[in-house]
Amino acid sequence: MHNEDLKLIRQIVASGGRKYTAGNIDRSKYDRLVDMGWLTPFRTNISDVIYDVTGGGKAAAVDSHESP
């Protein structure tokens, strides 16, 4: 887990718990969160993915705010 991962999951949670990505972009930062169990991906077509925050992702976002 990296600080960037925590920052990204907090941003996604704060914006409603969903992130829409479109087109040919680098999704490696989102894929890391999927691998950690914090996001669930849903392909809407060949080039677009919607990521939903999981319960584990919500917990990580909250826990990271409470850490010193």
**Q.** 222 nm mean residue ellipticity, helices alone, for the chain (DSSP H n ≥ 4; -39,500 (n - 2.57); rounded to 500)
**A.** -14000 deg cm²/dmol
**Q.** Accessible-area composition of the chain, carbon plus sulfur, in percent [1.4 Å probe]
**A.** 52 percent
Q) Which whole-number percent of Cα pairs in the chain have a distance greater than 19 Å? A) 26 percent
Q | R0 of 35 Å, Cβ-Cβ distance residue 46-residue 15: FRET efficiency to nearest 0.05 | A | 0.90
Q: Please sort by residue number the trypsin sites (Lys or Arg not before Pro) in the stretch 20-52 whose DSSP state is loop and whose Cβ has at most 15 other Cβ atoms within 10 Å.
A: 27
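The values are calculated or read from the model by the stated rules, or taken from the named source; none is laboratory data. Quantities reported herein were computed from a predicted structural model and do not represent experimental measurements. So basically every Cβ, Gly included, is an ideal-geometry build from the backbone, and we count neighbours across all protein chains shown. For the accessible areas, the whole protein counts, side chains as well, though only heavy atoms, and no ligand, DNA or RNA atoms are used. Shrake-Rupley method; radii C 1.70, N 1.55, O 1.52, S 1.80 Å.
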